[in-house]
Amino acid sequence: MSANGTRILVVEDNGDDMLILERLFARMGSHYQVEGAQTGADALARVQSQTWDLAFVDQHLPDVRGEALIGQIRQVEPHLPVIMLTGQGDEQLAVSVMKAGAWDYLRKNDLNGPLLRRTLHSIEERARLDAQVRATQAELRELAIRDGLTGLCNHRHFQSLLQTEFARARRYGKPLACLMLDLDRFKRINDTLGHPCGDEVLRHVSQLLRGVAREVDVLARYGGEEFVLLLPNTDAEGAMRAGERICEAVAESRVELADRQLRLTVSVGAATDESPGVASAVELVRRADEALYAAKRGGRNRVCLAGTPEALVDEVPSGAGRSGRRTAVVLTTLSSMVERHHPGRAGHGARVAALVGRLVRSCGLGHDVQEATVAAARLAGLGRLALPESFWNTPHALDDAGLRRVRESALLAEEILLQAGEREAVATAVRHQRERWDGRGAPDGLRANEIPIGSRALAVVDAWCALTAERPWRPAYSPEEARQIVVAEAGKAFDPRMVKALCALFDAEGVGP
């Protein structure tokens, strides 16, 4: 109830009954400010446009029954106390009134000053307690979604907002960026200065991040000394600028402690929903996290963008020597550049690599096969050097001449990889990626289990990723449509077991439909 008095709306079409109520309220003092409405429509309009502390509603109105009006009022003001006025009362009516949402009901024939006073006191007390309960519930909801130390969104709430923002970005065709941030050498602070000091550092950084983040951004403590920032309507360039601002703000700040000042730096990994390999909200965060650790290994206090050569260095097999790692990075970069020159293909290899890596792991294939298959996905674009752009953009099925040209491209990719010293398993997987389960593919017309298992995995994943990307001659298929097309080709173009495994992966991760 307001400090200026209790505003009461009386919905009553009978003038005599309205006059009785007004007199009763007047005898109770000026604290009660009473206004009347004679129809349900008038009452609803007043509730929508004004603030009320209490409403009395007659059961029988010219345009609506009181029970129905109470339901309409509760849709507008769910917490407004409403009392039903009726000419008669019994247990059945009481049940009906309460189901409609009334707090109480009064029989007009019983109305008098003491009864009205008791009823108002009871309603006011209940309203006070109800407001306290709502405030407590709101506080508990806030505690459930906030990190207790920094006050930022916690990990659980971030996951919910992540799904919402990713779906919104896809629905409206707007870019979405994700920044993963990790305080450099934070463990040293905890170990040498103690956890209370570490907590103060985390609070300090969270305040800095609040100052950098926009109102529409989602800022959360991801865990430990890691933070995450979602930036709606932000492309890769904007994500890099935001990451650089954060690095500068943290590096220029000082944490004031009782006996010293602390200097801090932060490493940032950036990814967008347009980054290679990003087909789901989970993959967006995963790619940003991978870029974060590339930034860490690259010297800290810097921003690394997913899909760039500096980020790809971390994705080269650890067993490769120094020169081998350098060669792998050069080849992967070249393959990515070739893809970017073909409309709709930018980032295709990285996207295929991310998905096929999870597919072969889910199939339980050996580590060497997994590694070679992922590498082949990133390098398969080299075969496009053998053919003009117009060949790859044709929407028609390939004839014999087309298959011969595909064979030439596969052989060229294999030759480049072998001459560069790439592993034979990788070159073989690239060579046979376009074989078909029914033996009608290229370059060697292998069929069924004659096709290397890595190539079989690549074939189905490459097809799904291509179908869900826009091409010059068609829009992108939805994930579910692409899935149906791939399933229809099981046993013809694709290994049925690989198709089944891919569908199972989609069901488990939500990557596809």
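Just so you know, all these numbers are worked out from the coordinates, no wet-lab data involved. Quick caveat: nothing in here was measured; it's all calculated off a predicted structure. Note that we place each Cβ from the backbone using ideal geometry, even for glycine, and neighbour counts take in every protein chain shown.
How do the peptides 103-111, 202-210, 128-136 rank, highest first, by the average count of neighbouring beta carbon atoms within 10 Å per residue?
Values: 103-111: 15.6, 202-210: 17.9, 128-136: 10.8.
Packing proxy ranking, top to bottom: 202-210, 103-111, 128-136.
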Full-extension gain in nm, Q137 to E252, via 0.36 nm per residue minus C-alpha separation: 37.4 nm
Aspartates and glutamates whose Cα lies under 12 Å from that of K296, excluding same-chain neighbours fewer than 8 positions away: D182, D184, E310, D314
Centroid-to-centroid separation of region 227-288 and region 72-151 [C-alpha atoms, Å]: 47 Å
Inter-probe distance in nm under a simple model that places probes 7 Å from Cα toward Cβ, at L262 and R146: 2.2 nm
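Cβ under 12 Å from A429's Cβ, A429 left aside: what net charge do those residues give with Lys, Arg +1 and Asp, Glu -1? Please report the intermediate quantities before stating the final value.
Details: positive: R378, R423, R431, R434, R456; negative: D368, E371, E414, E422, E424, E435, D462.
Overall, the nearby charge balance is -2.
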Neighbour-count ranking [beta-carbon atoms within 10 angstrom, fewest first] of I8, I73: I8, I73
Relative contact order of region 22-124, pairs being alpha-carbon contacts under 8 Å that are 6 or more residues apart, as %: 25 percent
Förster radius 22 Å - calculated FRET efficiency between T39 and L129 (Cβ-Cβ, nearest 0.05): 0.10
Debye log10 I(q)/I(0) at q = 0.09, 0.12, 0.14 Å⁻¹ for region 6-144, Cα point scatterers: -0.27, -0.47, -0.64
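Using the Cα atoms as the points, what is the convex hull volume per residue of region 148-315 in Å³? Walk me through the intermediate numbers first.
Numbers: hull volume 17.4 nm³, N = 168.
Enclosed volume per residue, from the Cα hull, is 104 Å³.
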Compactness of region 20-87, expressed as Rg and Dmax over alpha-carbon positions, Å: 12.0, 33
Calculated from backbone phi, Karplus (6.51, -1.76, 1.60) coupling profile of region 228-239 in Hz, x at Gly/Pro: 9, 9, 9, 10, x, 6, 10, 8, 4, 5, x, 5
Relative contact order [Cα under 8 Å, 6+ residues apart], region 148-315, whole percent: 26 percent
Geometric extent, Cα atoms of region 260-310 - Rg, Dmax (angstrom): 12.5, 46
Extension gain, V487 back to A26 (0.36 nm per residue minus Cα-Cα distance, nm): 158.3 nm
Shape metrics for region 94-211, restricted to C-alpha atoms - Rg then Dmax, Å: 25.7, 79
DSSP-defined beta bridges in region 208-309 - what % are antiparallel, rounded to 5: 75 percent
Cα centroid of region 412-452 to Cα centroid of region 154-211, whole Å: 43 Å
